[in-house]
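In what follows, a single structure is set out as structure tokens and then discussed.
The values are calculated or read from the model by the stated rules, or taken from the named source; none is laboratory data. Quick caveat: nothing in here was measured; it's all calculated off a predicted structure. Neighbour counts are summed over all protein chains in view; Cβ atoms, including those assigned to glycine, are modelled from backbone coordinates with ideal geometry. All accessible areas refer to the heavy atoms of the entire protein, side chains included, with ligands and DNA or RNA removed. Shrake-Rupley method; radii C 1.70, N 1.55, O 1.52, S 1.80 Å.
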Amino acid sequence: MWKIFNCFISILILAIRICHGQQDSGEVKYGLRFGYDISRPILDYLQPNRRDEEFSVDMQVRQNWFAIAEGGWNNSKINNSPKLVYHSSGYFWRIGFDYNLLKHDNINDNNLIYGGFRLGHANLSHSASSFQIADIYWGNVNGSIPLHDVAATWFEIAAGIKIEALKNFFIGWSVRERILLNSNINSQLTPYVIPGFGKGNSKSAFDVNYSLYYRIPFLRIKLKTKKTSSPIK
Amino acid sequence: MLTPFRYLFLLSFLTGINTISSCNNDITLCESSTSTLIGIGFYQMNFNPPFDTILPAVTIFGLGKIDSLFAKSSETNVHLPLNQNSDTTSFYIQPDTTGLADTIQIIYTRTIHLISPACGFVTFYNIDSINTTHHNIDSIYLETKTINNTNVENIQLFY
């Protein structure tokens, strides 16, 4: 197991040195960057009927390329009795890549302006424990829809920035546009929220994230400037 | 390099808060129509082509109900509620104060849809068949089978 790990680290170091061959000499830090989306608690404050949490982890895998995984969950409760009493809970994950568009003056500059894409998937359970359709002529309709599962898959594009405010501590925002690819949503009861996607009654969703990140630099690689031969005059 | 970054961050933060704030209306404010009524238009057969006509004093009520939906009212078309607890609804329609009344029977299937948390559920219908007596009504034409919250004309009654 250790041999495989050592081999993986060696290949990673080699790849990083190749990628940074044209840059200045110095020490480059690589590591997992963990993020927490602080906009979700703000959203929960403004919309008390829902509770969301979202986390992320990313790592540079090639020059300007970052592999990223995101995940979280949502709980929604709507008590609009007697019209509707609704509950849902679910979780989501997203995987994808970000590409840094910012040209760095030196290898210690870790600020990013990036564009990227994600593939997302969510599972949730929801129910309408009671509802009433008002009808003053023929009489009201009362009913309920039992708990059932929904799954949804989507594609999203992302763009944003990350700045290193303190050493290894980043803040950043991103904007997202999501397009629902597939779901088994029952037309009777559309989910109020698809976790990680947005409102369940739409095939597309726009979102804004504000996150705090901390990078654990477990890998430090020293790079040297490549010597290039002068052209023959 | 950090100054423009911080400016962008603040600007987007304010924009984002505004975006998030505007997303909460669907819990408290119903902005969609929750009315799912069958639309019936009245037409005159004596003319070619037939054109819509005014029934001068139409009285309509649901069969089995005492309260009328329209009482001696002048109408060219009406929108009526179907019984959401049954797959069949019949209406008594008297075109004026002197003419004989007709009964039309509408047979349908029902599905419920959640419009939004504020609006709640509504019932959509798909008309399977319609039957009528012919005291005053010459014929009946099923124009649109589906009844949702757009409230179009579903049935044409020819007198």
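Remarks
- Förster radius 41 Å - calculated FRET efficiency between A:Tyr45 and B:Lys145 (Cβ-Cβ, nearest 0.05): 0.30
- Nearest-0.05 FRET efficiency for B:Asp52 and A:Trp138, computed from C-beta distance (R0 45 Å): 0.95
- Fully extending the segment from A:Ile38 to A:Asp109 would add 23.1 nm, taking 0.36 nm per residue of separation and subtracting the current Cα-Cα distance.
- Summed residue charge, Cβ within 13 Å of A:Asn142's Cβ, Lys/Arg positive, Asp/Glu negative: 0
- B versus A: buried accessible surface, summed, Å² (probe 1.4 Å, to nearest 100): 3500
- Under a 5 Å amide H cut-off, with hydrogens placed 1.01 Å from N, B:Asp138 pairs with B:Phe158, B:Tyr159 among residues at least 5 apart or on other chains.
- Net +/- balance of residues flanking A:Ser39 in space, Cβ distance below 12 Å, scoring K and R +1, D and E -1: -4
- For the range A:33-128: rounded, prolate or oblate by the Cα gyration tensor [a/c cutoff 1.5]: prolate
- Solvent exposure of B:Leu29, expressed as accessible area, is near 90 Å², computed with a probe of 1.4 Å over the protein chains only.
- With θ taken as phi - 60° and the Karplus curve 6.51 cos²θ - 1.76 cosθ + 1.60 applied, the whole-hertz 3J(HN,Hα) list for the range A:152-164 is 9, 10, 9, 10, 9, 10, 9, 8, x, 9, 9, 10, 8 Hz, x standing for glycine and proline.
- Pairs of Lys residues in the range A:33-222, spaced 8 or more positions apart or belonging to different chains, with C-alpha separations under 23 angstrom: 7 in total.
- Solvent-accessible area per residue for the range B:111-159 (1.4 angstrom probe, square angstrom): 42
- Note on B:Leu37/B:Thr133: beta-carbon distance plugged into 1/(1 + (r/R0)^6) with R0 of 25 Å gives a FRET efficiency of 0.65.
- Shape category assigned to the range A:33-222 from the gyration tensor of Cα positions, a/c cut at 1.5: prolate
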